[in-house]
Structure formats: structure tokens, C-alpha cells
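Can you read through this structure? Questions will come right after.
A short reminder: the numbers here are calculations on the coordinates, not readings from a lab. In this text the structure is predicted, and so the values were computed from the model without any measurement. So basically every Cβ, Gly included, is an ideal-geometry build from the backbone, and we count neighbours across all protein chains shown.
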Amino acid sequence: AQKITQTQPGMFVQEKEAVTLDCTYDTSDPSYGLFWYKQPSSGEMIFLIYQGSYDQQNATEGRYSLNFQKARKSANLVISASQLGDSAMYFCAMREGNKGNTGKLIFGQGTTLQVKP
Amino acid sequence: GAVVSQHPSWVICKSGTSVKIECRSLDFQATTMFWYRQFPKQSLMLMATSNEGSKATYEQGVEKDKFLINHASLTLSTLTVTSAHPEDSSFYICSARATGIAKNIQYFGAGTRLSVL
């Protein structure tokens, strides 16, 4: 079964508008971390934002915020005031438990976002 | 964020030759590094987890004799694709987990595009 699901293969957003990228996860581990990465066409993976399972508040980093709904097991990424440079592939990922140094990330399928001028 | 350097960024080689890819954590020590493979428009597939001073842990289905991983120091891991064939052509990307830095974020290199002729 998929542990991380991103149901939107591709999305469009108008420049300066906000956009939400969906991510749902599945785990029975009470301790986990959720991550979002951006991958532009150049291929590098850029870390955007992190949410811990015990964090009481939704994470925010500049124009990025994570809408964490624990009961629904969702961790949607909200990008406010979209810019042309936000056009990229976005990946949601999860690391389960307190795995020490070897905890590996499980990635979703990714969502391609295109920002229209 | 922390910096991970990956070299080379692009390599073209003849079938049957071996290719070495380097992954360095530039401003932090990484006891654990990860190697991923990515096909176009797809998610990252974890190949192996590389631990400094010990043997790498390979994911199911990944040939350890084909993809040799060495993690000789706290800042360097290498992936050698031995006797490369056209089906090994892909985008390979490494990451290092920055322990000691808040949230233990995994930072990624810029990736290596391998083309085997």
C-alpha cells in the first residue's frame, strides 16, 4: 500500500495566487516527520518545509505553509502568492519513527506545478 | 540550509565501462547518506543507505555488485555503476542527513545524469 499519496499529477496556478498541493500519508507509527521538496527542471531537490507528528502548530517557511491535519493523515503544502519560479515538481515525503541516523524518506509520486503569468 | 555537492552533474560513457559518482557534505558531517535513482517524471527510488565505515544497505531489487557504494568518511560517499549498460541510464541523486542540525533534514545533491551509449 502507498504510504505517501499525491493525487494531483499536475496543477496550474495563476501568478500571485495561492495554490494547495495535496498529500496524504499512512503510518501506524506515532512518531514521524513529513517533508516537502521542490524539484525544478534542473533536477536538484530543494527542501521546503518540515512538520513533526508531535508539532502542535502548522509549519510555515516564508510563502510555504503546511496544512497538517493529523486525524485525516494529510499534510498539504500551501504556496501563497505564486511566482513563475515556483514552477517545478513537488514531492511530499515521510520519515517514520525514531529511526536514528538510518531513517529513510518515503516519497510520494510528485505533483508538477505550472505557474501561469 | 546545509550543502551537498554531487559530481559529476552529467556523464556519458560507453557500455561496459564503470562510472563513479561522488557525494560530499560540504558544511556538516553525515554518518548516513542515501542514493536514489529517478526516471523522467517519476518519483525518487531509494537504492541504498550508506553508512560511514560500514557496508551499505541495499533496497530490495538493487544489485549490490552492480551499484557499489563506499562511504569512507563522514563527508564523502561514492556510487560506482559497474559495467554500465544502456538500461542504467538514469538520474542518480544522493542525499545526506544532517544530524545535529534541527529536524534532521535530508539535503540533496544536484544529481548526476548518466547516459550509457
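Taking only the Cα atoms of the protein assembly as shown, how large is their convex hull per residue, in Å³? Write out the running numbers ahead of the final one.
Details: hull volume 29.1 nm³, N = 234.
Taking only Cα atoms, the protein assembly as shown has a hull volume of 125 Å³ per residue.
While we're on this one: Count the DSSP beta bridges whose two residues both fall in chain B, then state the antiparallel fraction as a percent rounded to the nearest 5.
Working: 36 of 40 bridges.
Rounded to the nearest five, the antiparallel share is 90 percent.
Given all pairs of different Cα atoms, what value in angstroms does the Kirkwood hydrodynamic radius of the stretch B:11-93 take?
On the way: mean 1/r = 0.0757 Å⁻¹.
Final number for the Kirkwood radius of the stretch B:11-93 is 13.2 Å.
Rounded, prolate or oblate: which fits the stretch A:33-83, taking a ≥ b ≥ c as square roots of the Cα gyration tensor eigenvalues, rounded meaning a/c under 1.5, else prolate when a/b beats b/c? Walk me through the numbers on the way to the answer.
On the way: a/c = 2.28, a/b = 1.69, b/c = 1.35.
Note, shape of the stretch A:33-83 comes out prolate.
Can you give the net charge of the other residues whose Cβ lies under 13 Å from the Cβ of A:Gln83, counting K and R as +1 and D and E as -1? Could you put the intermediate results ahead of the total?
Working: positive: A:Lys16, A:Lys38, A:Arg63, A:Lys116; negative: A:Glu15, A:Glu17, A:Asp86.
Charge balance near A:Gln83 sits at +1.
Which Cys in chain B stand alone, with every other cysteine's Cβ at 4.7 Å or more from theirs?
Flagged as lacking a Cys partner: B:Cys13.
Relative contact order for chain B: what is it in percent, counting Cα pairs under 8 Å that are at least 6 residues apart?
Numbers: 297 pairs, mean separation 42.7, N = 117.
Averaging sequence separation for qualifying contacts and normalising by length gives 36 percent for chain B.
Going by how many other Cβ atoms sit within 10 Å of their own, how do A:Ser41, B:Ser95 line up, fewest first? Spell out each step's value before the answer.
Values: A:Ser41 8, B:Ser95 28.
The most exposed by this proxy come first: A:Ser41, B:Ser95.
Right, next: Per residue of the stretch A:42-55, in order, report the coupling 6.51 cos²θ - 1.76 cosθ + 1.60 (Karplus, θ = phi - 60°) as ³J(HN,Hα) in whole Hz, putting x for Gly and Pro.
After applying 6.51 cos²θ - 1.76 cosθ + 1.60, I find 5, x, 5, 9, 10, 5, 10, 7, 10, 9, x, 5, 9, 5 Hz.
Please sort by residue number the GluC sites (Glu not before Pro) in the stretch A:1-93 whose DSSP state is loop and whose Cβ has at most 11 other Cβ atoms within 10 Å.
On the way: sites: A:Glu15, A:Glu17, A:Glu44, A:Glu61; in loops: A:Glu15, A:Glu17, A:Glu44.
Counting only loop positions with at most 11 other Cβ atoms within 10 Å, none of the GluC sites (Glu not before Pro) in the stretch A:1-93 qualifies.
Return a whole-number percent for the relative contact order of chain A, with Cα pairs under 8 Å and 6 or more residues apart as the contact set.
Numbers: 291 pairs, mean separation 43.1, N = 117.
Rounded, it is 37 percent for chain A.
Taking the radius of gyration and the Kirkwood hydrodynamic radius from Cα positions alone, what is the Rg/Rh ratio for chain A, to two decimal places?
Numbers: Rg = 13.8 Å, Rh = 14.4 Å.
Over the Cα atoms of chain A, Rg/Rh equals 0.96.
Quick one: B:Val3, A:Val13, fewest Cβ neighbours within 10 Å first, how do they rank?
Numbers: B:Val3 13, A:Val13 18.
In order of increasing Cβ crowding within 10 Å: B:Val3, A:Val13.
Just to confirm a number: summing +1 for Lys and Arg and -1 for Asp and Glu over residues other than B:Ser15 whose beta-carbon lies under 14 angstrom from that of B:Ser15, what do you get?
In short, 0.
Between A:Lys116 and B:Gln60, with labels modelled 7 Å along Cα→Cβ, what's the label distance in nm to one decimal, could you check?
Inter-label distance under the simple model: 4.3 nm.
Determine the shape class of the stretch B:57-117: with a ≥ b ≥ c the square roots of the Cα gyration tensor eigenvalues, call it rounded for a/c under 1.5, and otherwise prolate if a/b is greater than b/c, oblate otherwise. Spell out each step's value before the answer.
Working: a/c = 2.35, a/b = 1.85, b/c = 1.27.
Because a/c hits 1.5 or more and a/b exceeds b/c, the stretch B:57-117 counts as prolate.
Here is a follow-up. Report the label-to-label distance for B:Lys14 and A:Lys16 in nanometres (one decimal), using points 7 Å from each Cα along the Cα→Cβ vector.
The answer from the label model is 5.8 nm.
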